[in-house]
Structure formats: C-alpha cells, structure tokens
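**Student:** Here's a structure for you.
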Amino acid sequence: MSSVQQADDKKLAILDAGYRSFAAYGYRRVSMAEIAKAAGMSRAALYLHFSNKEDIFRSLVLHYFAQAEANLQAALSGEGALDAVIGAGFAAICGTAFKDMMTSPHGLELIDSKSSVGAEVAREGDARLMAVWAAWLRREAESGRVVLDGPAEEVAQVLMAALYGIKEEARDWAALQAGMGRLARLMARGLRA
C-alpha cells in the first residue's frame, strides 16, 4: 500500500470517528482527544492530518456535499415518473447524514454548526447542488418533459429553497420524509408539460 493510500485511509478513519463523535456528543462537547481515541490513534497522529476539530467538521461538511452531489447526479439520471425522480433527488440530498442528525440528541447543534463552522463550504456545496438541478431541468425542458416558467437556474433555486424550508420545519425524520414526498409531487405537477 502506498503512503498516499495510507494517509487517505487514516483521514477517512478520522472523519468517520469525528462523524460518530459529533453525532453522539454534539459539536461543542467533542475534543480532539476524543476523536483521536475513536479513530484509534494518538492526538499527535491526529494533528498530522487535521489542525483542529473545526478542520475535521469542515471536512465532514465538504464530504457530505461531495457525496450529495454524486448521489443527486445519479438520482436525476434515472428513469421513471417525474415525482419519483424529483423525490429521489431530494433523498440524495437529505440521506443518511440528515437521518443521523435528526435522530441524534445533538442534531440541532450539528445543523447550527454546519451553518457557522462550515458556512463557506455549505454555500459552495449548495451552489453545486443547484447547478446539478439546473442542468437536469434544462435537459428535461429540452426533451419536452417539463415546462419551466423561468431560467433553469432560478427554478433550481426555488426547488432547493423549498427543500431547505421543509428541512427547517421538520420535527423528525418521518416528517422530513413526508414533506419531501409532498414537495416532490407538487413540483412534478408544477413542472409537467
């Protein structure tokens, strides 16, 4: 195994340990020592890869958005009823990470930390997700499957704002899933040619 692969494996182990630690104890209560212990390494070894817990948290937010973008692209390349494709897109964005946050006693704190510690990364990630939606909307409009009432970028922005509104108001994971389903059906009806 190359040293680059070993370094990547260690970083992934640290990110996994950070994810589990933040979910279990919240952002504020977790220390670098706890993350190092959960990753099975010394604090000194941890500091070779990340400068502080903010760095780990930002990396987790970056990883979330990279995964969400890949999942969204895959979901929107699928066939099927328009509401099912849109619903799959919503699920790609609000998948396991959101379920974990919403079922964690520290979920609200983690979501708040994403907005403060990982704010810049989150803005960039949201922009990439909107670009994926916009590209899909353009393709669907060109094929005649949907009708857009404005530029694809603006429709994508409305779609994401509605999804984030559902996320903000959801009391729990079941409420989020129900809201995403309802929103997907509404959006599909509004976009049908």
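**Student:** Give me the pairs, please: first residue somewhere in the stretch 172-185 and in the same structural domain as Leu159 (by TED's automatic domain parsing) and of a type in the set (Phe, Trp, Tyr), second residue anywhere and surrounded by 13 or more Cβ atoms within 10 Å (Cβ to Cβ) and in a helix (DSSP H, G or I), beta-carbon distance under 6 Å, and either six or more positions apart or on two chains.
**Tutor:** Trp173/Lys99; Trp173/Met102
**Student:** Within the group Val85, Val61, Val121, which residue is at pLDDT 95 or above and surrounded by 18 or more Cβ atoms within 10 Å (Cβ to Cβ)?
**Tutor:** Working: Val61 fails: at pLDDT 95 or above; Val121 fails: at pLDDT 95 or above.
Val85 is the lone residue from the list that is at pLDDT 95 or above and surrounded by 18 or more Cβ atoms within 10 Å (Cβ to Cβ).
**Student:** From the list Ala141, Ala174, exactly one residue is of a type in the set (A, V, I, L, M), over 23 Å from Gln67 (Cα atoms) and part of a helix (DSSP H, G or I). Which is it?
**Tutor:** Ala141
The values are calculated or read from the model by the stated rules, or taken from the named source; none is laboratory data. Note that the structure is predicted; figures quoted are calculated from it, not measured. Note that each Cβ is placed from the backbone with ideal geometry, even for glycine, and that neighbours are counted across all protein chains shown.
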